[in-house]
Amino acid sequence: MAATGTPGVEATGPSVAPDGDSNLLEALDVTKAFGGLVAVEDVSFAIPRRSIVSMIGPNGAGKTTFFNMLTGLYRPTMGRIWFDGREITGMRPDRIVALGMARTFQNIRLFGTMTAVENLLVAQHSRTKSGLFRSILRTPGQRREERQAREKARETLRYVGLREEVFDEVSRNLSYGDQRRLEIARALASDPKLLLLDEPTAGMNPQESGRLTDFMGQLRDERGLTILLIEHDMKVVMDVSERITVLDHGEKIAEGKPQEVRQDERVVEAYLGKQT
């Protein structure tokens, strides 16, 4: 029997995911309705640890709504969600970030008047120990932690491929490609276990998309990250994904390995068949 969450109520008490050892994230019978509009309907979904999986579907299929429920921006109307063996249904976004989930957005949401380094310092806040009292007094421990945070920020910016000369540039002045890299760096700065990427190659040329595809594999192999990807570039999806889930009008219509999904008649009709 499917378990359902209570709308608007944060889950309390210990909960164990149905398959917490092998899956980092699981969603069970998740539904989201906005008044009379059902954006996501009865979707169950799991992400194995250290895997790269994609969620695809036409515009309006419910993909971003599903992302928003996983990250706590929306509360499911029904259903339950577990992350790393702990139920997070209805949990606040900041608490979910602290547990190890980070995301990027389809529309870049950087702090435009902050530098690249400052954007990452904000993202590291959930991992720092300095409280208000230590920050006001500027204790030796607080100053040491601040130096370490700045160095970590610069290391992360290097890791995603940003040039040293842009580290102290105001982020709104960066090129579009550099802003995309900065947003991924900001997500990485919170030391996530699961990275959710919403249309990361939007606006990129094929060469940039190819480099990002390689980088996702690098994150999984070098940092042990698990990645969930929403993406319209089918070459990227087919090249990088170990498993693909397909939504259409809020319902899951297919799921499997890339070659299986590519041949599914429902997918061809709903999505892939529209590609030229």
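The values are calculated or read from the model by the stated rules, or taken from the named source; none is laboratory data. Not measured: the values here are computed from a predicted model. Cβ sites come from the backbone with ideal geometry, for glycine too, and all protein chains shown count toward neighbours.
Surrounded by fewer than 19 Cβ atoms within 10 Å (Cβ to Cβ) and either touching an Asp or Glu at 6+ places or on another chain (Cβ under 6 Å) or polar (S, T, N, Q) (or both): does that describe S175? First the steps, then the outcome.
Working: surrounded by fewer than 19 Cβ atoms within 10 Å (Cβ to Cβ): yes; either touching an Asp or Glu at 6+ places or on another chain (Cβ under 6 Å) or polar (S, T, N, Q) (or both): yes.
Considered against the rule, which asks whether it is surrounded by fewer than 19 Cβ atoms within 10 Å (Cβ to Cβ) and either touching an Asp or Glu at 6+ places or on another chain (Cβ under 6 Å) or polar (S, T, N, Q) (or both), S175 comes out as yes.
From the list A270, A254, the one residue that fits, being free of Cβ contacts under 8 Å to residues at least 24 places away in the same chain and small (G, A, S), is A254. Looking at R80, R134, just one residue is over 27 Å from T64 (Cβ atoms) and either surrounded by fewer than 20 Cβ atoms within 10 Å (Cβ to Cβ) or modelled with pLDDT of 90 or more (or both), and that residue is R134.
Criterion first (among the hydrophobic types (A, V, I, L, M, F, W, C), out of contact with any strand residue (DSSP E or B) (no Cβ under 6 Å at 6 or more places or on another chain) and either over 24 Å from E251 (Cβ atoms) or at pLDDT 95 or above (or both)) does V97 satisfy it?
Details: among the hydrophobic types (A, V, I, L, M, F, W, C): yes; out of contact with any strand residue (DSSP E or B) (no Cβ under 6 Å at 6 or more places or on another chain): yes; either over 24 Å from E251 (Cβ atoms) or at pLDDT 95 or above (or both): yes.
Answer is yes for this residue.
Screening the candidates E242, E260, E251 for the property of being under 21 Å from E41 (Cα atoms) and charged (D, E, K, R) yields one hit, E251.
Does region 187-201 contain any residue that is of a type in the set (V, I, T), assigned to a loop (DSSP other than H, G, I, E, B) and out of contact with any strand residue (DSSP E or B) (no Cβ under 6 Å at 6 or more places or on another chain)? Explain how you work it out, then say what you get.
Here is the first cut: in region 187-201, the residues of a type in the set (V, I, T) are 201.
So of that shortlist, the ones also assigned to a loop (DSSP other than H, G, I, E, B) come out as 201.
Pick out the ones that are also out of contact with any strand residue (DSSP E or B) (no Cβ under 6 Å at 6 or more places or on another chain) and you get 201.
Checking region 187-201: at least one residue is of a type in the set (V, I, T), assigned to a loop (DSSP other than H, G, I, E, B) and out of contact with any strand residue (DSSP E or B) (no Cβ under 6 Å at 6 or more places or on another chain).
One residue stands out in region 182-237 among those that are of a type in the set (S, T, Y) and in contact (Cβ under 8 Å) with a residue 40 or more places away in the chain: the one that is nearest to T104 (Cα to Cα), namely S190. If you check T113, T89, T104 for being touching a strand residue (DSSP E or B) at 6+ places or on another chain (Cβ under 7 Å), modelled with pLDDT of 80 or more, exposed (fewer than 14 other Cβ atoms within 10 Å of the Cβ) and of a type in the set (V, I, T), only one passes: T113. Determine whether D178 is part of a loop (DSSP other than H, G, I, E, B), acidic (D, E) and closer than 20 Å to Q124 by Cα. No.
In the set A17, A27, A2, which member is at pLDDT 55 or above and of a type in the set (G, A, S)? Even if it seems obvious, please write down each step before you answer.
On the way: A17 fails: at pLDDT 55 or above; A2 fails: at pLDDT 55 or above.
Being at pLDDT 55 or above and of a type in the set (G, A, S) holds for just one of A17, A27, A2, which is A27.
Of the listed requirements (1) under 18 Å from N59 (Cα atoms); (2) free of Cβ contacts under 8 Å to residues at least 12 places away in the same chain, Q263 misses just one: (1). Condition first: within 19 Å of the chain's Cα centre (by Cα), modelled with pLDDT under 90 and either surrounded by 19 or more Cβ atoms within 10 Å (Cβ to Cβ) or over 29 Å from L99 (Cα atoms) (or both). Can you find one or more residues in region 252-272 that meet it? No - not one qualifying residue is present in region 252-272.
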